[in-house]
Amino acid sequence: MDLSIRKLLLLLLLISLSSIRVAEASIHVYNLETFEEIGNSYLLSGGSEGIVSSSSNSGESVGSGIHNGLSFIRFENITFWRSKKAADQHTAMEHSTGLIQAFFFEAADRDTIGGSAYGGQRSICCTPDLAKLEGCRQGELIRRPSATDPRWPIVLSTQFSGNDLSAKMDSTEIRITNTGMYNLFFVSCDPNLKGLIMSGKTLWKNPEGYLPGRMAPLMKFYVFMLLAYTILSVIWFAQYSRFWRDMLQIQHCITLVIALGLFEMTLWYFEYANFNKTGMRPVGITTWVVTIGALRKTVSRLLILCVSMGYGVVRPTLGGLTIKVLLIGVTYFVASELLDITENVGTINDISGKARLMLVLPDAFLDSFLILWIFTSLSKTLEQLQAKRSYVKLDTYRKFANALGISVVASAAWIGYEVYFKVTDLYSERWQSAWIITAFWDILALLLLCVICYLWAPSQNSHRYAYSEEVREDLDDEEAQSLTRGAPEGDLSLVKQEINHNTDVFGLDDDEEEDKRE
């Protein structure tokens with residue numbers, strides 16, 4: 001049991017080290033990176049990505065086109081530097097004075113790397129005891145052939161010569177013939193190479209371009225999202241242009257959310273397309289994209305909050321709540337912006353797991369607080385509309401409450417599934433379906449926006465959603481009391497006539513609905 005735990009901890013450490021570079025790019029650049037001491041070795045993560053097998057197995061060299069159907073990882077200008085102290089221990093005439101190995105393996109073959117002697121701690125480098133048991137060479141990486149392909153894992157060696165301070169790795173290209181989650185590590189088993197530094201780059205390519213396998217489906221997804229937002233925009237703006245004189249403040253806010261959503265989906269698609277073509281994610285472009293996304297999420301949540309408060313329906317302004325709403329909006333925008341930058345911009349390499357957790361927690365707390373505030377406000381608004389017998393508005397808000405409740409339940413269920421997905425997929429072996437985790441939230445946001453657009457669609461009767469003057473509401477209250485107290489028949493007819501007169505502006509359907517309820 002102790003051996004299994006240690007083995008699992010070592011594998012988790014390897015994968016966690018490799019995952020640090022996942023968000024950097026498919027062209028991984030190493031700028032004087034320092035090897036870390038792990039067990040009896042010095043390790044540096046080179047990256048971890050899902051790669052789809054080549055659609056062409058021809059022996060031709062890889063051309064310059066990115067859509068040539070080939071998958072590979074290419075090593076370019078990889079150079080290692082050791083300390084002067086380590087170099088001075090050797091003479092210029094010596095041939096091999098320090099070994100560095102790069103090992104490239106698929107996640108399913110993770111058990112073929114490293115070993116354990118007599119049930120002790122699992123080691124990456126071969127020890128004297130392991131040399132007897134495993135037949136490995138002392139001072140080198142422990143590697144056993146894969147059950148599916150004896151050529152894998154692939155190990156590439158680089159040697160320091162004499163007392164040179166640097167050693168350059170041969171430019172190499174590895175073709176990918178099997179779909180999987182691939183991991184790259186650089187390792188040195190020589191204790192004299194402590195403080196080893198590396199620079200250079202590796203190019204990771206899928207059949208259709210440089211976009212990592214886990215992200216490639218999202219580029220197609222954003223095409224469909226862009227199409228969906230375009231259709232919604234055409235329908236909404238057609239109504240908006242027809243009835244712009246009768247538009248309410250809430251409908252102007254809905255217009256802003258639709259515009260931001262359309263803009264965000266467009267930017268995400270072009271950002272992914274550029275990433276796929278060049279293999280790099282420019283910090284400025286990605287930061288701009290995530291900023292628009294954070295702004296859209298913030299405005300969307302504030303829109304739902306204002307609608308739930310009855311803004312423009314049961315109250316003309318938010319009054320003293322305006323400052324609080326703006327404050328929560330600014331706070332949420334900052335928290336969402338920091339989280340999205342951490343997850344998408346290339347600066348993630350410098351942020352530890354604890355730092356990322358510190359950014360996730362405020363965002364989750366603010367979301368929970370907003371949900372509580374929204375439902376509390378919505379409950380009060382429903383009570384006010386019920387008391388005023390504003391049945392048309394009440395029916396609209398009940399539909400909105402139902403849609404909001406369904407979305408919250410769906411969100412909670414999806415969060416549970418997401419946690420289960422991540423807990424049961426420690427080595428990212430289900431990477432081909434991981435894009436669905438991200439896509440769900442965009443789809444849910446779009447569906448809820450469509451419901452809001454349907455309930456508050458621009459029309460010539462838009463003012464039926466609007467806030468009524470206090471005199472009118474007082475009159476409605478008096479009329480309601482007259483009806484419930486059983487006024488004389490003559491008075492009742494006058495009340496009905498007054499109601500019909502007041503509701504003519506809403507159309508025949510509203511008259512019939514009010515008469516039925518009366």
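The values are calculated or read from the model by the stated rules, or taken from the named source; none is laboratory data. In this text the structure is predicted, and so the values were computed from the model without any measurement. So basically every Cβ, Gly included, is an ideal-geometry build from the backbone, and we count neighbours across all protein chains shown. Accessible surface is based on the protein model in full, side chains and every heavy atom, while ligands, DNA and RNA are left aside. Shrake-Rupley method; radii C 1.70, N 1.55, O 1.52, S 1.80 Å.
Checking the structure you have, find out if any residue of the range 125-133 is modelled with pLDDT of 90 or more, surrounded by 18 or more Cβ atoms within 10 Å (Cβ to Cβ) and in the same structural domain as ARG110 (by the TED database). Even if it seems obvious, please write down each step before you answer.
Taking the range 125-133 as the starting set, the residues that turn out to be modelled with pLDDT of 90 or more are none.
No, there is no match, as no residue in the range 125-133 is modelled with pLDDT of 90 or more, surrounded by 18 or more Cβ atoms within 10 Å (Cβ to Cβ) and in the same structural domain as ARG110 (by the TED database).
Taking the conditions exactly as written (at pLDDT below 90, among the hydroxyl-bearing types (Ser, Thr, Tyr) and under 30 Å from TRP152 (Cβ atoms)), does THR202 satisfy them or not? Spell out how you get there, then give the answer.
Values: at pLDDT below 90: no; among the hydroxyl-bearing types (Ser, Thr, Tyr): yes; under 30 Å from TRP152 (Cβ atoms): yes.
No.
I'm trying to understand the selection: among the residues of the range 133-156, which are of a type outside the set (A, V, I, L, M, F, W, C) and either free of Cβ contacts under 8 Å to residues at least 12 places away in the same chain or within 22 Å of SER53 (Cα to Cα) (or both)?
Start the filter on the range 133-156 by keeping residues that are of a type outside the set (A, V, I, L, M, F, W, C), which leaves 134-135, 137-140, 143-146, 148-151, 153.
The answer is GLY135, ARG137, PRO145, SER146, THR148, ASP149, PRO150, ARG151, PRO153.
Could you identify the single residue in LYS399, LYS393 that is out of contact with any strand residue (DSSP E or B) (no Cβ under 7 Å at 6 or more places or on another chain) and open to solvent by 50 Å² or more (accessible area, probe 1.4 Å)?
Going through LYS399, LYS393 in turn, just one is out of contact with any strand residue (DSSP E or B) (no Cβ under 7 Å at 6 or more places or on another chain) and open to solvent by 50 Å² or more (accessible area, probe 1.4 Å): LYS399.
Working carefully through the options SER64, SER53, find the one that is open to solvent by 10 Å² or more (accessible area, probe 1.4 Å), within 24 Å of TYR272 (Cα to Cα) and at pLDDT 85 or above.
That would be SER53, the only listed residue that is open to solvent by 10 Å² or more (accessible area, probe 1.4 Å), within 24 Å of TYR272 (Cα to Cα) and at pLDDT 85 or above.
From the set of residues in the range 266-298 that are buried (at least 20 other Cβ atoms within 10 Å of the Cβ) and of a type in the set (Val, Ile, Thr), which is farthest from THR322 (Cα to Cα)?
THR286
For the range 348-367: of the residues being touching a helix residue (DSSP H, G or I) at 6+ places or on another chain (Cβ under 7 Å) and either open to solvent by 50 Å² or more (accessible area, probe 1.4 Å) or modelled with pLDDT of 75 or more (or both), which is farthest from MET247 (Cα to Cα)?
Keep residues of the range 348-367 that are touching a helix residue (DSSP H, G or I) at 6+ places or on another chain (Cβ under 7 Å), which gives 348, 351, 356, 359-360, 362-363, 366.
Next cut, either open to solvent by 50 Å² or more (accessible area, probe 1.4 Å) or modelled with pLDDT of 75 or more (or both) only: 356, 360, 362-363, 366.
Values: ARG356: 42, VAL360: 38, PRO362: 36, ASP363: 33, LEU366: 31 Å.
Of everything passing the filter in the range 348-367, ARG356 is farthest from MET247 (Cα to Cα).
Kindly evaluate GLY213 against the criterion of being in a loop (DSSP other than H, G, I, E, B) and either exposed (fewer than 15 other Cβ atoms within 10 Å of the Cβ) or of a type in the set (S, T, N, Q) (or both).
Working: in a loop (DSSP other than H, G, I, E, B): yes; either exposed (fewer than 15 other Cβ atoms within 10 Å of the Cβ) or of a type in the set (S, T, N, Q) (or both): no.
It is false that GLY213 is in a loop (DSSP other than H, G, I, E, B) and either exposed (fewer than 15 other Cβ atoms within 10 Å of the Cβ) or of a type in the set (S, T, N, Q) (or both).
What pairs come out if I take residues in the range 434-448 that are farther than 13 Å from MET265 by Cα and pair them with residues that are part of a loop (DSSP other than H, G, I, E, B) and among the hydroxyl-bearing types (Ser, Thr, Tyr) whose C-beta lies under 9 Å away, six or more apart or interchain?
Sorted first by the residue in the range 434-448, then by its partner, the pairs are ALA434/SER428.
Considering every residue within the range 176-196, establish whether at least one is exposed (fewer than 15 other Cβ atoms within 10 Å of the Cβ) and among the aliphatic types (A, V, I, L, M).
no
State the number of residues belonging to the range 371-428 that are hydrophobic (A, V, I, L, M, F, W, C) and over 23 Å from the mean Cα position of the chain (by Cα). Before the answer, list the steps.
Step one: list which residues in the range 371-428 are hydrophobic (A, V, I, L, M, F, W, C), which gives 371-375, 378, 382, 385, 387, 392, 394, 400-401, 403-404, 406, 408-410, 412-415, 419, 421, 423, 426.
Filter again for over 23 Å from the mean Cα position of the chain (by Cα), leaving 372-375, 378, 382, 385, 387, 392, 394, 400-401, 403.
The number of residues fulfilling the criteria is 13.
Please determine whether any residue of the range 108-118 is of a type in the set (Ser, Thr, Tyr), at pLDDT 85 or above and either open to solvent by 60 Å² or more (accessible area, probe 1.4 Å) or under 21 Å from LEU43 (Cβ atoms) (or both).
Checking the range 108-118: not a single residue is of a type in the set (Ser, Thr, Tyr), at pLDDT 85 or above and either open to solvent by 60 Å² or more (accessible area, probe 1.4 Å) or under 21 Å from LEU43 (Cβ atoms) (or both).
Going by the structure shown, is THR148 crowded, with 18+ Cβ neighbours inside 10 Å, of a type outside the set (A, V, I, L, M, F, W, C) and either assigned to a loop (DSSP other than H, G, I, E, B) or not assigned by the TED database to the domain that holds LEU196 (or both)? Quick ask: steps written out before the conclusion?
Details: crowded, with 18+ Cβ neighbours inside 10 Å: no; of a type outside the set (A, V, I, L, M, F, W, C): yes; either assigned to a loop (DSSP other than H, G, I, E, B) or not assigned by the TED database to the domain that holds LEU196 (or both): yes.
Judged against the criteria, THR148 is not a match.
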